[in-house]
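Down below is the structure, laid out as structure tokens.
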Amino acid sequence: MGRLEGRAALVTGAARGIGAAIARRFAGEGARVCVADLDGDAAAGTASGLPGESYGVSLDVSDRESVDRVVEEAAERHGSLDVLVNNAGVTHDNLLFRMTDEEWASVMDVHLAGAFYCCRAAQRYMVDGGYGRIVNISSTSALGNRGQANYSTAKAGLQGFTKTLAAELGRFGITANAVAPGFIETEMTRTTAARLGYEDFEEFAALRAKEIPVGRGGRPEDVAAAALFFASEEASFISGQVLYAAGGPKA
Ligand code: NAP
């Protein structure tokens, strides 16, 4: 028996990177996964590699109507919606004095409005089913990070959002927790490396690994392992928590 046997999950931003690793891990544990991503074709490609009844769908989490539609379709197709992972994310880094209104707003829209829309839509089905697991992907940037006034604010906001979800939804059998990854090797960190002028990502990754107590960069699977714990039935007494998956201590 897998740890998510019979459960229906929706993972946003799941075509690649951390979201795809979460979708793979969940499906491997028996879940039927709705792999949702801005890029619908890529989402379908990721879903086609998963065991069981998973499928891919195009979704912009910052578009409320699309979120409502995709969540409703997922719940109808699988008969319930038991697990939601708010993973979709973007960075538009800049120092504060250069940051544009658009860079600020687009990061807020995807991380904060996106998680809000998805949770509001999903809780209806979770409350009806008397069961739910919400996992929000925050970041160590929530503790502050140069060049990321928008992103660190959004990721810190997600932590407060998570604790409030835990307080409001616990009575319905729903838990809400956050995973806050440190440096994970994905397209997102490749973009960061390029922005900082590194031609060789491996050089950037090696430098980052030196700052990490366990002596290596994180892999998407490291975050998926933490998400799986929160998503599992056995984590029913753990809610409103933030787990730093960073290879060392964080707040
Ligand atoms: P990634 O490789 O860039 O993947 C992010 C995925 O989200 C992409 O497939 C992207 O689609 C999708 N996406 C972007 N905007 C979306 C939207 N509006 N609606 C739906 N999907 C959207 O990034 P990642 O590193 O796996 O990051 C996943 C999450 O972990 C993010 O929330 C990120 O902030 C967080 N995180 C990452 C790290 C790290 O070191 N990598 C550390 C801490 C936290 P497109 O490709 O079509 O744009």
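Summary table below
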read-out	value
Residue under evaluation LEU165, criteria (1) near the ligand (Cβ under 9 Å from one of its atoms); (2) modelled with pLDDT of 95 or more, criterion not met	(1)
Selection from segment 224-241 of residues that are small (Gly, Ala, Ser) and either within 12 Å of the chain's Cα centre (by Cα) or closer than 22 Å to ILE184 by Cβ (or both)	ALA224, ALA225, ALA226, ALA227, ALA231, SER232, ALA235
Where GLY132 falls short, out of the listed (1) crowded, with 17+ Cβ neighbours inside 10 Å; (2) without any contact (Cβ under 8 Å) to a residue 24 or more places away in the chain	(2)
Total residues in segment 35-59, condition surrounded by fewer than 21 Cβ atoms within 10 Å (Cβ to Cβ), among the charged types (D, E, K, R) and in contact (Cβ under 8 Å) with a residue 24 or more places away in the chain	2
Pair list, Cβ under 9 Å, 6 or more apart: segment 139-167 residue closer than 25 Å to SER236 by Cα, other residue of a type in the set (Ser, Thr, Tyr) and more than 14 Å from the ligand (Cβ to nearest atom)	THR162/SER239; LYS163/SER239; LEU165/THR175; LEU165/SER239; ALA166/THR175; ALA166/SER239; ALA167/SER239
Helices (runs of 4 or more DSSP H) lying entirely in segment 114-212 (those with 1 or more residues that are touching a strand residue (DSSP E or B) at 6+ places or on another chain (Cβ under 6 Å))	114-129, 149-169
Conditions (1) farther than 26 Å from PHE183 by Cα; (2) more than 10 Å from the ligand (Cβ to nearest atom); (3) hydrophobic (A, V, I, L, M, F, W, C); (4) not in a loop (DSSP other than H, G, I, E, B): number failed by LEU81	(4)
Pair list, Cβ under 7 Å, 6 or more apart: segment 1-18 residue over 22 Å from ASP37 (Cα atoms), other residue in a loop (DSSP other than H, G, I, E, B) and within 16 Å of the ligand (Cβ to nearest atom)	none
Failed condition for GLU187, given (1) closer than 19 Å to PHE116 by Cα; (2) in contact (Cβ under 8 Å) with a residue 12 or more places away in the chain; (3) of a type outside the set (Phe, Trp, Tyr); (4) surrounded by fewer than 16 Cβ atoms within 10 Å (Cβ to Cβ)	(1)
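The values are calculated or read from the model by the stated rules, or taken from the named source; none is laboratory data. Note that this is a predicted model, so its numbers are computed, not measured. Reconstructed Cβ throughout: ideal geometry from the backbone, glycine too, with neighbour counts over all protein chains shown.
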